[in-house]
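The values are calculated or read from the model by the stated rules, or taken from the named source; none is laboratory data. These figures come from a predicted structure and were not determined experimentally. Counting neighbours? That spans all protein chains shown, and the Cβs are built from the backbone with ideal geometry, glycine included.
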Amino acid sequence: MSTLLLEIVTPERTVYAKDVSMVILRGVEGEMGILPNHIPTVTPLKIAAVVAKIGGKEEKIAVSGGFAEVRHEKVVILAESAELPEEIDVDRAQLAKKRAEDRLKGRKDEVDFRRAEMALQRAMNRISLRG
Ligand code: ATP
């Protein structure tokens, strides 16, 4: 079975590095399913789960945006933050979600809506991986 190496790297650490049979990621232009020998490309990522298929199994990693560089035999994801499901502190994500929701209820001229919206997406992405 042919495989490709999936690496997910943040400024702090390598979160994931494994040979997988397929990678599914959410680029800004839509979902991409990447098999070995995919055409090389670079895409910005949405805040979403990256799915790695290994044989019949699936592993999910919460990725907070960033970029994916796709090569024939390798996918490298560079993100500000990323977590494996078991690393996610759900209580912390629930608090972050509540903070963001409260901010989004605030006055438009006083709140950085874009920032709050991104924080909300990060929190919901983390919570959904543990749901
Ligand atoms: P918070 O407001 O709770 O800090 P955040 O979305 O602003 O959340 P980030 O800036 O994306 O946090 O991440 C900062 C660091 O904290 C990263 O190393 C990230 O992996 C980690 N992190 C953030 N939220 C969680 C969580 N719920 N569980 C585990 N690690 C987390």
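Out of curiosity, is G65 surrounded by 15 or more Cβ atoms within 10 Å (Cβ to Cβ) and within 19 Å of I24 (Cα to Cα)? Against the criterion (surrounded by 15 or more Cβ atoms within 10 Å (Cβ to Cβ) and within 19 Å of I24 (Cα to Cα)), G65 qualifies. Quick one: would you say S64 is among the hydroxyl-bearing types (S, T, Y) and farther than 22 Å from T3 by Cβ? The answer is yes for S64. Number of residues in the range 29-85 that are away from the ligand (no atom under 16 Å from the Cβ) and outside any strand (DSSP E or B) equals 11.
Residues in the range 55-73 include none that are farther than 15 Å from L129 by Cβ and touching a Phe, Trp or Tyr at 6+ places or on another chain (Cβ under 8 Å). Take R92 and tell me if it is of a type outside the set (S, T, Y) and modelled with pLDDT of 95 or more. Here the answer is yes, as R92 does meet what is asked. Determine which single condition P40 fails, assuming it passes every other condition in (1) surrounded by fewer than 18 Cβ atoms within 10 Å (Cβ to Cβ); (2) out of contact with any Gly (no Cβ under 9 Å at 6 or more places or on another chain); (3) closer than 26 Å to A123 by Cα. Failed condition: (3).
Of the residues that sit in the range 92-107 and are within 17 Å of A62 (Cα to Cα) and more than 8 Å from the ligand (Cβ to nearest atom), which one is surrounded by the most Cβ atoms within 10 Å (Cβ to Cβ)? Restricting to residues being within 17 Å of A62 (Cα to Cα) and more than 8 Å from the ligand (Cβ to nearest atom), the top hit is K97.
Quickly run through the range 113-127 and pick out the residues that are among the charged types (D, E, K, R) and either closer than 21 Å to R92 by Cβ or modelled with pLDDT of 95 or more (or both). Talk me through it step by step, then tell me what you get.
Of all residues in the range 113-127, those among the charged types (D, E, K, R) come to 114-115, 117, 122, 126.
Answer for the range 113-127, where residues must be among the charged types (D, E, K, R) and either closer than 21 Å to R92 by Cβ or modelled with pLDDT of 95 or more (or both): R115, E117, R122, R126.
Pairing residues of the range 22-39 that are not assigned by TED's automatic domain parsing to the domain that holds V75 with residues that are of a type in the set (D, E) and surrounded by fewer than 16 Cβ atoms within 10 Å (Cβ to Cβ), at Cβ distances under 6 Å and at least 6 apart in sequence or on separate chains, gives no pairs at all.
Which one is farthest from V63 (Cα to Cα), of the residues in the range 1-28 that are hydrophobic (A, V, I, L, M, F, W, C) and part of a loop (DSSP other than H, G, I, E, B)?
The residue in question is M1.
For the range 85-102, the condition of being under 18 Å from the mean Cα position of the chain (by Cα), in the same structural domain as V28 (by TED's automatic domain parsing) and of a type in the set (S, T, N, Q) holds for none of the residues.
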